[in-house]
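Please read the structure below before turning to the comments.
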Amino acid sequence: MPRKHQKRWDDRDPDLRDLLRLPVGERPDLDAHRADARPAGPDDKDAARTATAELGERLAGLQERLWAAGTAGDRRRVLLVLQGMDTSGKGGTVKHVIGHLDPAGCRVRAFKAPTEEERRHDFLWRVRRVLPRQGEIGIFDRSYYEDVLVARVRGLAPPREIESRYGWINDFEHEVTDAGTTVVKCFLHLSYGEQKRRLLARLDNPDKHWKFGPGDIEDRELWPDFQEAYEIAMERCSTPAAPWYRVPADQKWYRNWAISRLLLEHLEELDPRYPKADFDVAECRERLLRAP
């Protein structure tokens, strides 16, 4: 029997959230977990692509319901936060997972180095301006966590200020969850060896040179420091309201399936409903039938 038929992941299986969620208040040991692990789900690329496409159809239906409910006053919305080292697949996730959704109900933001205007404000100022509105799914390709990751490793802010930022992040996430936002924070767990292969692939393909910069090598040389910064951030900022999920990212097909499944589980729990018509449906139908 082909390997892809040996295991099927369906609604009878445990939530993937329970398998990937990091314990609250504990510092994770990233080296203790394989970045090519498959704790659950499809066994190979073909099965994963089929399963991800099926999940995409279900996601699209739930997103439409969420968007429709938002037009009728339902204040709920979803924020998907994608964090990970260079080449871990943040952009690929947006393309392959969010690509199934209606752009009208999505808000994607890729956070780069802050502009001069953004530097004149606190680090959360630019984030508040692009949060998803009610009914929307927001996706952050990198996020406000850069201000305790890159800032910590590169010394871009005083240590005392960086220490304060963890508390500010927790307060911010409690604020947005209290306002109706479901926050789904995914750490795309990439191995050191796989990152090297992906960076070399970019250098070997002229069409991918635009995605590479010498700074990628400098960041790679600081790999242990970045891993430590991630561990600290996930320890300090994993709460019951906004936990972290560690998603194995060495295999792109598994990463895409896992994040699709995580997003689906959160949306199914929200269970948004189409709003009831606020007009006389029968009367409108009769008017249309009488019209020439």
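All but one of (1) at pLDDT below 95; (2) over 21 Å from W257 (Cα atoms) hold for W67, so report the exception by its number.
(1)
Suppose the filter is open to solvent by less than 80 Å² (accessible area, probe 1.4 Å), over 26 Å from A241 (Cβ atoms), at pLDDT below 95 and touching a Ser or Thr at 6+ places or on another chain (Cβ under 9 Å); does P42 pass it?
It is true that P42 is open to solvent by less than 80 Å² (accessible area, probe 1.4 Å), over 26 Å from A241 (Cβ atoms), at pLDDT below 95 and touching a Ser or Thr at 6+ places or on another chain (Cβ under 9 Å).
Can you tell me which condition L267 does not meet? The list is (1) farther than 28 Å from V150 by Cα; (2) at pLDDT below 95, and all the others hold.
(2)
Filter the range 48-79 down to residues that are more than 20 Å from E265 (Cβ to Cβ) and outside any helix (DSSP H, G or I), then give me how many there are.
Of the residues in the range 48-79, 3 are more than 20 Å from E265 (Cβ to Cβ) and outside any helix (DSSP H, G or I).
Would you check if there is a residue in the range 211-234 being within 18 Å of T93 (Cα to Cα), open to solvent by 40 Å² or more (accessible area, probe 1.4 Å), in a loop (DSSP other than H, G, I, E, B) and modelled with pLDDT of 95 or more?
Taking every residue of the range 211-234 in turn, none turns out to be within 18 Å of T93 (Cα to Cα), open to solvent by 40 Å² or more (accessible area, probe 1.4 Å), in a loop (DSSP other than H, G, I, E, B) and modelled with pLDDT of 95 or more.
Hey, can you tell me all the residues within the range 243-292 that are under 23 Å from the mean Cα position of the chain (by Cα) and aromatic (F, W, Y)?
If the condition is that a residue be under 23 Å from the mean Cα position of the chain (by Cα) and aromatic (F, W, Y), then W244, Y245, W253, Y254, W257 are the ones that fit.
Every residue in the range 245-292 that is open to solvent by 60 Å² or more (accessible area, probe 1.4 Å) and in a helix (DSSP H, G or I), please.
K252, E268, E269, V281, A282, E283, R285, E286, R287, L288, L289, R290
To keep it simple, each residue is scored yes or no on (1) in contact (Cβ under 8 Å) with a residue 60 or more places away in the chain; (2) under 27 Å from F226 (Cα atoms).
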{"site": "H96", "(1), (2)": "yes, yes"}
{"site": "G99", "(1), (2)": "no, no"}
{"site": "F111", "(1), (2)": "no, yes"}
{"site": "E116", "(1), (2)": "no, yes"}
{"site": "H121", "(1), (2)": "no, yes"}
{"site": "L124", "(1), (2)": "no, yes"}
{"site": "V130", "(1), (2)": "no, yes"}
{"site": "A151", "(1), (2)": "no, yes"}
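For the range 122-157, name all the residues that are in a loop (DSSP other than H, G, I, E, B) and closer than 20 Å to D219 by Cα.
If the condition is that a residue be in a loop (DSSP other than H, G, I, E, B) and closer than 20 Å to D219 by Cα, then R142, S143, Y144, Y145, G155, L156, A157 are the ones that fit.
Select from the range 86-129 the residues that are over 24 Å from F187 (Cβ atoms) and small (G, A, S) and list them in ascending order.
If the condition is that a residue be over 24 Å from F187 (Cβ atoms) and small (G, A, S), then A104, G105 are the ones that fit.
If L66 satisfies all but one of (1) touching a Pro at 6+ places or on another chain (Cβ under 7 Å); (2) surrounded by fewer than 17 Cβ atoms within 10 Å (Cβ to Cβ), what's the number of the condition it fails?
The failed condition is (2).
Name the residue, out of R17, R34, R21, that is under 30 Å from N170 (Cα atoms), charged (D, E, K, R), surrounded by fewer than 14 Cβ atoms within 10 Å (Cβ to Cβ) and at pLDDT 95 or above.
R34
Being part of a loop (DSSP other than H, G, I, E, B) and surrounded by 21 or more Cβ atoms within 10 Å (Cβ to Cβ) is the filter here; which residues of the range 158-171 pass it?
Answer for the range 158-171, where residues must be part of a loop (DSSP other than H, G, I, E, B) and surrounded by 21 or more Cβ atoms within 10 Å (Cβ to Cβ): there is none.
When you go through G56, G41 one by one, which is the residue that is in contact with a Phe, Trp or Tyr (Cβ under 7 Å, 6 or more places away or on another chain) and more than 20 Å from S238 (Cβ to Cβ)?
Criteria check complete, one pass: G41.
In this structure, is R77 open to solvent by 50 Å² or more (accessible area, probe 1.4 Å) and out of contact with any His (no Cβ under 8 Å at 6 or more places or on another chain)?
Spelling it out, it is not the case that R77 is open to solvent by 50 Å² or more (accessible area, probe 1.4 Å) and out of contact with any His (no Cβ under 8 Å at 6 or more places or on another chain).
Considering only residues of the range 80-121 that are of a type in the set (S, T, Y) and either at negative phi or assigned to a helix (DSSP H, G or I) (or both), which is surrounded by the fewest Cβ atoms within 10 Å (Cβ to Cβ)?
Applying the filter and picking the extreme gives T115.
Among the residues that make up the range 173-189, is at least one of them over 30 Å from T71 (Cβ atoms) and open to solvent by 30 Å² or more (accessible area, probe 1.4 Å)?
no
Are any residues in the range 159-218 under 23 Å from Y254 (Cα atoms), within 20 Å of the chain's Cα centre (by Cα) and small (G, A, S), and if so, which ones?
Result: S191, single match.
Assuming G25 fulfils every condition listed in (1) among the small types (G, A, S); (2) more than 18 Å from T239 (Cα to Cα); (3) touching a Ser or Thr at 6+ places or on another chain (Cβ under 8 Å) apart from one, which condition is it?
With respect to (1) among the small types (G, A, S); (2) more than 18 Å from T239 (Cα to Cα); (3) touching a Ser or Thr at 6+ places or on another chain (Cβ under 8 Å), G25 is out only on (2).
The values are calculated or read from the model by the stated rules, or taken from the named source; none is laboratory data. All figures in this text were calculated on a predicted structure; none of them were measured in a lab. Every residue, glycine as well, gets a Cβ built from its backbone with ideal geometry; the counts of neighbours run over all protein chains shown. Each accessible area value is taken on the protein alone, full model and side chains, heavy atoms only, with ligands, DNA and RNA left out. Shrake-Rupley method; radii C 1.70, N 1.55, O 1.52, S 1.80 Å.
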